[in-house]
Amino acid sequence: MGPTEAPDHQTKRTAPSRADSSVSTQSRAERLLAEYLRAWGLRDPAAIAQWTRAWVERSGVGEPSATGSQDPLISAYRAGMSAAINDFDSWLQQLARTVVKGEKVPASTVGLTAFELRSLIDNYPQAMFQSEALPRPMLDQLRRADRDVVPSVQHSQMQPQELAVALEPWQWQWWRGLASSSTHAVLNLCGISPWAGSRLLLAILTLVTTLAGAWVFEQAQPADGSVVANIISVGLFMTLFVWIAFSFWMATAGFLRRLRVPREAPQPLGAPKPSSEKLRGRTAILLPIYNESPSRVFAGLRAIYESLQATGHAASFDFFVLSDTTNPDVWLAEEWTWARLIQVFNGPSQVYYRHRTKNTSRKAGNIADFCQRWGAGYDYMIVLDADSVMSGATLVEMARAMDDDPQLGILQAPPVPVNRLSLFARCQQFAARVYGPVFLEGFAWWSHTDGNYYGHNAILRVDAFLKHCRLPILSGSGAMGGEILSHDFVEAALMRRAGYKVRVAQDMQGSYEECPPTLIDFAQRDQRWCQGNMQHLRLIFAGDIHPMSRLHLGMGAMSYLTSPLWMVSILWSCLAFVGCGSWLGFGPATVADAAMVSAPVEQSTAWMWGGGLFAATMALLLLPKLWGYLALVADPTSRAACGGAAKAGCSVLIETVISTLVAPIMMVFHSTFVTCTFMGRKVSWSAQQRDEQGLRFAAALAAHWKQMVGGLVAAVLTFVLAPAIFLWMLPILIGLILAVPLSMLLSSVRVGQALASRRLLSTPDETVVPRVLQRHRHLLALPTPRELADPRGMFFRVLADPAFLALHRSILQSTGDCQSAEPEKLRLAERQLLAGGPARVSVENRKAVLADADALRDLHFFAWTSTRTNSSE
């Protein structure tokens, strides 16, 4: 009997004798118990009759119940089911001992043995409940199924960092941080550091460009404006312009270096050595996941694993799937998919699975938990995201780089976005593949060993991470306090503070990720990142932080702060033109008044200065795109892969237009996120959208209607009150006004594919697909297994399938993550199950029961013996 079926115990008989009633009750109980044996995979009628008879006889069928009130059939069936479950538990333990030849059997072995057992029982029914003299094929298959869920725990502790002392709002001690940064900067500029020249040159170019822009901007200010207003305007302009200048010169340096690379032909960082040379260190590959699609996650893992096997170095790597999933059905689907993947691999798979019942500190806590449990067994760890894919050669190259340089603490392999089909995603992929290399080359030129960490697709030295990278807790309970959300920048700063190198391997290939498929998904991801980056403002002037780490933290914060600053700058300028100049100290109250008090020559001169500054600003923003395009054209292989110089040029134009329209939309989003963060509103962290589905009008309108209305109102007011600046504002206004249809267009897979068919927005990874991506796409295209596609859900399956139950309980026991369920929650789950089947059990009660191996066993028993369930199941 399945857990959604009720036993037929209410059929009436006419005055049966005690003997006849006993026989009838026994046969009916045996029929019900037979369903449980079939759920295990047994089909042999003789074996079914043998064991059901034994269990019913042990139940004392025919004897009156203790209370005399329970139906004899129910009593016999429940007692027989209890005996069956106990016998199966004992048999699994005996089988596991036979397989591993030891008395102390890991709980994980029991579960994996059970998961392999269904087909074996059907093939070898005579071996039922036998652990000795098993048929050789059955024993061999069980031994192949022998895997540990996790390795033996080797406890370590992450050492607390004193950085937390400097994080109190009233103890920021910014003067110490500023003095430390200034000292380091002076030493670098004096030649103490071998890469001081690049930083000095970049600083000079940025400063000169910013000062020149500020001088031109000041010349364009009204001659009769107040000094205070001019200072505010110029200061705001310099704050924004310095980042534009910095990015421009960094990209320009990267472009010049990339043009020089083919002539110099340098060896790439950590170039692979002959495959016969064994890696010295052991590496753990970590895959932290949170409510992700198990099919996608394990497809990526399998592609990486198989690529690593092809290198001949797979024995030096172990994989850890570290789940923080809170959705009960997804949690169970992860376990089922992991177990099936283990069955696919031949020999030791070295793929482990651990689920945390309490996801303390999110991803950072997930990784810290691994380090404290198993980190002592590994020299390095490679951290991936749920959508990461890396080639085996790249993983080996990263491990070799760590072997060769004991002072290398973090090596970041820049991930390239791939695999997406929507127009928005393909624009991101094209931009990253064409413009990204010049920025990365420029970044590596000045950062050298003071680089940064992106949180994934990177290798870290475990011992150094344990000793120096435990994150502090920020004081306060608002959005700027508590746990550090954007952990990667901070961990890089702590690693660098300890004296270890942090490098970005700009020349390393074979590192991939997926980007958000729609503009709304992109904004939602940025909302999570924004709060974390705003927290970094509290760390910039903390004591003993390397000056380059301070710069990285500041750049991360400014990537979001520039949006509200641009918005303030635009509003400030518009107010001066629409008649509010006297309020702000600009002088005349209206544009007409300004024309009366200013000579025509002065007016035209101001417009000339302003027009020249606008052109220069646009050049600084757009020229890096040209550098990326020229670097692409200079490489024959990449040029051909992108459709040739002409189509690559058209793609640059398409991407530039789209990014220009999207920029004001993201400006409003980021301004909102920053404002909410400073107001103390925390964001919720949910799983990212991985599937590509076109955006519907209702969803687009809900996300963008405020931007659309704001753009329309601003357009009307500007046209009526300040027509002189209407054309200047038009690029911003168009993006806001068209936010809804633009967002829908960008989410379209059909449009993205139409451009792809014409070789527009193409990337080299689309044209010549790397082998690991080919394998990944093949695995993603496979049909969803029947068990995962069951509409009744995985919670139904764990109650209905005794082998799956054994697997789940074994995983809990082997990882030591059992959490006792409150008795009231178990009773409530039973009542909900009885009222409407597994689907009626609440999410909270499911999670509580699934975290308790004994409570789940009790609910499994209850599901199989309950007298009525939801008939719709």
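The values are calculated or read from the model by the stated rules, or taken from the named source; none is laboratory data. What you see is a predicted model, and the numbers here were worked out from it, not measured in a lab. For neighbour counting, all protein chains shown are included, and Cβ atoms are generated from backbone atoms with ideal geometry for every residue, glycine included. Ligands, DNA and RNA are stripped out before the accessible areas are found, and what is left, the full protein with its side chains, is counted by its heavy atoms. Shrake-Rupley method; radii C 1.70, N 1.55, O 1.52, S 1.80 Å.
Quick look at the values:
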{"read-out": "Hits in segment 302-347 - residues which are outside any helix (DSSP H, G or I) and touching a Phe, Trp or Tyr at 6+ places or on another chain (Cβ under 8 Å)", "value": "ASP318, PHE319, PHE320, VAL321, LEU322, SER323, ASP324, THR325, THR326, PHE345"}
{"read-out": "Residues satisfying the stated conditions in segment 378-392, i.e. open to solvent by 20 Å² or more (accessible area, probe 1.4 Å) and outside any loop (DSSP other than H, G, I, E, B)", "value": "none"}
{"read-out": "LEU322 over 19 Å from VAL462 (Cβ atoms) and not charged (D, E, K, R)", "value": "no"}
{"read-out": "Qualifying residue in segment 816-823 (condition: in a helix (DSSP H, G or I), at pLDDT below 95 and among the aliphatic types (A, V, I, L, M))", "value": "no"}
{"read-out": "Any chance SER743 is crowded, with 21+ Cβ neighbours inside 10 Å, in contact with a Leu (Cβ under 6 Å, 6 or more places away or on another chain) and in contact (Cβ under 8 Å) with a residue 60 or more places away in the chain", "value": "yes"}
{"read-out": "Unique residue being out of contact with any Pro (no Cβ under 9 Å at 6 or more places or on another chain), among the basic types (Lys, Arg) and more than 23 Å from THR672 (Cβ to Cβ) when the list is ARG470, ARG497, ARG461", "value": "ARG497"}
{"read-out": "First in segment 344-372 and closer than 19 Å to ILE304 by Cβ, second anywhere and open to solvent by 30 Å² or more (accessible area, probe 1.4 Å) and at pLDDT 95 or above, Cβ under 6 Å, 6 or more apart", "value": "none"}
{"read-out": "Condition broken by PHE129, with the remaining ones in (1) touching an Asp or Glu at 6+ places or on another chain (Cβ under 9 Å); (2) crowded, with 17+ Cβ neighbours inside 10 Å; (3) closer than 16 Å to ALA806 by Cα satisfied", "value": "(2)"}
{"read-out": "Any chance VAL297 is in a helix (DSSP H, G or I), open to solvent by 10 Å² or more (accessible area, probe 1.4 Å) and under 30 Å from LYS847 (Cα atoms)", "value": "no"}
{"read-out": "Some residue of segment 832-845 being within 29 Å of GLN93 (Cβ to Cβ) and open to solvent by 20 Å² or more (accessible area, probe 1.4 Å)", "value": "no"}
{"read-out": "Pairs where the first residue, in segment 833-853, is assigned to a helix (DSSP H, G or I) and the second is among the charged types (D, E, K, R) and modelled with pLDDT of 90 or more, C-beta under 6 Å, 6+ apart", "value": "ASN845/LYS825; ALA848/LYS825; ALA853/ARG809"}
{"read-out": "The lone exception for THR113 - which of (1) polar (S, T, N, Q); (2) modelled with pLDDT under 85; (3) more than 30 Å from GLY375 (Cα to Cα) it fails", "value": "(3)"}
{"read-out": "Qualifying positions in segment 613-659 - of a type in the set (Ser, Thr, Tyr) and at pLDDT below 95", "value": "THR617, THR637, SER638"}
{"read-out": "Residue within segment 30-51 that is farther than 24 Å from LEU120 by Cβ, over 50 Å from the mean Cα position of the chain (by Cα) and modelled with pLDDT of 75 or more present", "value": "no"}
{"read-out": "Of the criteria (1) surrounded by fewer than 23 Cβ atoms within 10 Å (Cβ to Cβ); (2) modelled with pLDDT of 95 or more; (3) closer than 30 Å to PRO636 by Cβ, which one LEU421 fails", "value": "(2)"}
{"read-out": "Qualifying positions in segment 203-240 - buried (at least 17 other Cβ atoms within 10 Å of the Cβ) and at pLDDT 95 or above", "value": "LEU205, THR206, THR209, THR210"}
{"read-out": "Near pairs, Cβ below 9 angstrom, 6+ apart or cross-chain, from segment 136-155 (free of Cβ contacts under 8 Å to residues at least 60 places away in the same chain) to any residue that is open to solvent by less than 70 Å² (accessible area, probe 1.4 Å) and polar (S, T, N, Q)", "value": "LEU139/THR98; GLN141/SER119; LEU142/THR98; LEU142/THR113; ASP146/THR109; ASP146/THR113"}
{"read-out": "Filter pass, ALA724 being more than 30 Å from ARG639 (Cα to Cα), part of a helix (DSSP H, G or I), open to solvent by less than 70 Å² (accessible area, probe 1.4 Å) and not hydroxyl-bearing (Ser, Thr, Tyr)", "value": "yes"}
{"read-out": "Residue check for PHE430: among the aromatic types (Phe, Trp, Tyr), crowded, with 23+ Cβ neighbours inside 10 Å and more than 30 Å from LEU745 (Cα to Cα)", "value": "no"}
{"read-out": "Conditions (1) on the phi > 0 side of the Ramachandran plot; (2) open to solvent by 10 Å² or more (accessible area, probe 1.4 Å); (3) polar (S, T, N, Q): number failed by ASN457", "value": "(2)"}
{"read-out": "Restricting segment 528-557 to residues that are surrounded by fewer than 19 Cβ atoms within 10 Å (Cβ to Cβ) and closer than 13 Å to VAL674 by Cα, the residue that is farthest from the chain's Cα centre (by Cα)", "value": "LEU537"}
{"read-out": "Of all residues making up segment 712-734, the number that are of a type in the set (Gly, Ala, Ser) and either modelled with pLDDT of 95 or more or in contact with a Cys (Cβ under 9 Å, 6 or more places away or on another chain) (or both)", "value": "2"}
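Per-residue answers, yes or no, for (1) touching a helix residue (DSSP H, G or I) at 6+ places or on another chain (Cβ under 9 Å); (2) over 25 Å from VAL383 (Cβ atoms); (3) in a helix (DSSP H, G or I); (4) not basic (Lys, Arg):
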| site | (1), (2), (3), (4) |
| --- | --- |
| PRO517 | yes, no, no, yes |
| ILE520 | yes, yes, yes, yes |
| MET534 | yes, no, yes, yes |
| SER549 | yes, no, yes, yes |
| GLY556 | yes, no, yes, yes |
| LEU561 | yes, yes, yes, yes |
| LEU565 | yes, yes, yes, yes |
| ILE570 | yes, yes, yes, yes |
| CYS574 | yes, yes, yes, yes |
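Listed here are the residues, each with its yes/no results for (1) without any contact (Cβ under 8 Å) to a residue 60 or more places away in the chain; (2) acidic (Asp, Glu); (3) surrounded by fewer than 18 Cβ atoms within 10 Å (Cβ to Cβ); (4) not in a loop (DSSP other than H, G, I, E, B).
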| residue | (1), (2), (3), (4) |
| --- | --- |
| ALA754 | yes, no, yes, yes |
| LEU760 | no, no, no, no |
| ARG775 | no, no, no, yes |
| HIS778 | yes, no, yes, yes |
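Each row is one residue, and each column tells you yes or no for (1) modelled with pLDDT under 95; (2) surrounded by 23 or more Cβ atoms within 10 Å (Cβ to Cβ).
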{"site": "PHE439", "(1), (2)": "no, no"}
{"site": "THR449", "(1), (2)": "yes, no"}
{"site": "ARG461", "(1), (2)": "no, yes"}
{"site": "PHE465", "(1), (2)": "no, yes"}
{"site": "ARG470", "(1), (2)": "yes, no"}
{"site": "SER477", "(1), (2)": "yes, no"}
{"site": "GLN506", "(1), (2)": "yes, yes"}
{"site": "GLN509", "(1), (2)": "yes, no"}
